[in-house]
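Data block below; observations after.
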Amino acid sequence: MVDFRLSEEQKMLQDLARDFANEEIIPNASKWDMNSIYPKETIQKANEYGLLTVKIPEEFGGGGMGSIEDVIIAEEIGRGDPGFATAAGSSILASYPIITGGTKYQKEKYLTKTANGVLAAYCVTEPDAGSDVKAIKTEAIKEGDEYIINGSKMWITGAGHAEWFFVLAYTNKKAGYNGMSGFIVDADTPGIELGKKENNMGQRCSDTRSVTFNHVRVPEENLIGGNENEGWMNAMKAFDHSRPAISSHAVGNARGAMEEALAYSKERKTMGKAIIKHQAISTLIADMATKIEAARLLCWKAAVTLDEGHRNTLEAAHAKRFAGDICMEVTTDAVQVFGGYGYSEEYPVARRMRGAKVYQIFEGSSQIQRLIIARELM
């Protein structure tokens, strides 16, 4: 039986993250989004508070905690702002393949960097390879004691500020998924070219751009795990760690939208009474609350399953699919509660709605999660 009661330590961690969101994220979120400002200083402050690296083992400077602590924090950060949550989460996402499959040397060098606030980015998606990872074209050819990487990655979060990248590339293209390897690539390595910052619909403070690798030489000690052709399975293991947290970001964004809609509905009056007293509005908000509660429990179950040492691929897919979808639904309904005001950027629900859509797309779209769920059931 899964016990979802939080310990006193976990409640304190939740309060810390909530206070940080209230004091550091929410007052600045609109400015960051409207002006496409990458919130580097606030990300560094969140890292100093220990909010971004709880999954890194203590011996490498992290919190040494579990996924349940990670999702508790992630919900509060997502409630602060979805764009900030994505921007702040890029470094730990890039670090997960090292946590799950890196050598001792790689963990000591790069996890310690992440724990100390060094930014990183996760490079898997390509212009013609999103959900179909097998279609990637990036290759890494062994030459002496180095690998030469050639290829282009697309939609890479945090690329413009990263000091190192996790890169998935083919070392044996004929083997398909079983021919992929993961590499750590320092951002200052010659041959790396960054594209322009993408002008996205939402989450505009999150720096997203392409990364091109032109004959980039990487030392063999940066082959993750030290063995070729294990990159795909390790990347999938990393998703089992990251998807509960990303899903919790979506839950937090939905919760923030619901809280804003609820507060507005108590103040806004029509026909002589607050609109919360009208059944059409009260039932809309009630449905928001139910969806958020259900999504949160799926996230927590996925986290606890992993913490107990079990494979959580199915649970993580349930959480990602449902949380991403309800985030879009709840933020859209929140705009509806605000009426014409909700369509204005003067109110945060518009930003939350724009920021919600990508949760149905990145880290495996809602459609891909359904395929994973069906596969796991079979």
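The values are calculated or read from the model by the stated rules, or taken from the named source; none is laboratory data. Worth saying up front: this structure is predicted, and the values here are computed from it rather than measured. Here the Cβ positions follow ideal geometry from the backbone for every residue, glycine too, while neighbour counts run over all protein chains shown. Heads up: the accessible areas ignore ligands, DNA and RNA and are worked out on the full protein's heavy atoms, side chains in. Shrake-Rupley method; radii C 1.70, N 1.55, O 1.52, S 1.80 Å.
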Report, by residue number, each residue of the range 315-349 that is open to solvent by less than 40 Å² (accessible area, probe 1.4 Å) and either among the basic types (Lys, Arg) or in contact with a strand residue (DSSP E or B) (Cβ under 8 Å, 6 or more places away or on another chain) (or both). 320
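Go through the range 148-190 residue by residue and tally those that are open to solvent by less than 10 Å² (accessible area, probe 1.4 Å), at pLDDT 95 or above and more than 29 Å from residue 117 (Cβ to Cβ).
Narrowing the range 148-190 to residues open to solvent by less than 10 Å² (accessible area, probe 1.4 Å): 149, 153, 156, 158-159, 164-170, 176, 179-185.
Next, from what is left, pick out any that are at pLDDT 95 or above: 149, 153, 156, 158-159, 164-170, 179-185.
Checking the rest, the ones that are also more than 29 Å from residue 117 (Cβ to Cβ) come to 170, 179-180.
Qualifying residue count for the region: 3.
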Is it fair to say residue 194 is surrounded by fewer than 18 Cβ atoms within 10 Å (Cβ to Cβ), farther than 15 Å from residue 133 by Cβ and of a type in the set (A, V, I, L, M)? yes
With the checklist (1) open to solvent by less than 20 Å² (accessible area, probe 1.4 Å); (2) acidic (Asp, Glu); (3) touching a residue at least 60 places away in the same chain (Cβ under 8 Å) in hand, flag the one item residue 145 doesn't pass. (1)
Which ones in the range 217-248 are touching a Pro at 6+ places or on another chain (Cβ under 7 Å) and among the β-branched types (Val, Ile, Thr)? 224
Count - residues of the range 199-210 that are open to solvent by less than 30 Å² (accessible area, probe 1.4 Å), of a type outside the set (Gly, Ala, Ser) and assigned to a loop (DSSP other than H, G, I, E, B): 3
Those residues of the range 34-52 which are open to solvent by 10 Å² or more (accessible area, probe 1.4 Å), closer than 17 Å to residue 89 by Cβ and touching a helix residue (DSSP H, G or I) at 6+ places or on another chain (Cβ under 9 Å), in sequence order: 38, 40, 42, 45, 47, 49, 50, 52
So, of the residues in the range 111-142 that are closer than 20 Å to residue 83 by Cβ and among the hydroxyl-bearing types (Ser, Thr, Tyr), which turns out to be least open to solvent (accessible area, probe 1.4 Å)? 122
Residue list for the range 351-369, restricted to those being within 15 Å of residue 133 (Cβ to Cβ), touching a residue at least 40 places away in the same chain (Cβ under 8 Å) and open to solvent by 20 Å² or more (accessible area, probe 1.4 Å): 362, 363, 367, 368
What residue, among those in the range 276-322 that are basic (Lys, Arg) and over 18 Å from residue 100 (Cα atoms), is farthest from the chain's Cα centre (by Cα)? 277
Of all residues in the range 211-225, how many are surrounded by 15 or more Cβ atoms within 10 Å (Cβ to Cβ) and not in a strand (DSSP E or B)? 3
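Which one is most open to solvent (accessible area, probe 1.4 Å) among residues in the range 226-246 that are outside any loop (DSSP other than H, G, I, E, B) and polar (S, T, N, Q)?
So, considering only residues that are outside any loop (DSSP other than H, G, I, E, B) and polar (S, T, N, Q), the one most open to solvent (accessible area, probe 1.4 Å) is 234.
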Is the range 358-367 home to any residue that is over 20 Å from residue 202 (Cα atoms) and not hydrophobic (A, V, I, L, M, F, W, C)? yes
Among the residues of the range 67-103, which ones are polar (S, T, N, Q), more than 24 Å from residue 23 (Cα to Cα) and open to solvent by less than 10 Å² (accessible area, probe 1.4 Å)? 67, 95
Subset of the range 260-276 that is assigned to a helix (DSSP H, G or I) and either in contact (Cβ under 8 Å) with a residue 12 or more places away in the chain or touching a Ser or Thr at 6+ places or on another chain (Cβ under 9 Å) (or both) - its residue that is surrounded by the fewest Cβ atoms within 10 Å (Cβ to Cβ): 262
Based on what the data block shows, is residue 294 open to solvent by 20 Å² or more (accessible area, probe 1.4 Å), among the small types (Gly, Ala, Ser), out of contact with any Pro (no Cβ under 6 Å at 6 or more places or on another chain) and assigned to a helix (DSSP H, G or I)? yes
Among helices (runs of 4 or more DSSP H) completely within the range 48-162, the ones holding 1 or more residues that are under 15 Å from the mean Cα position of the chain (by Cα) are 67-80, 82-101
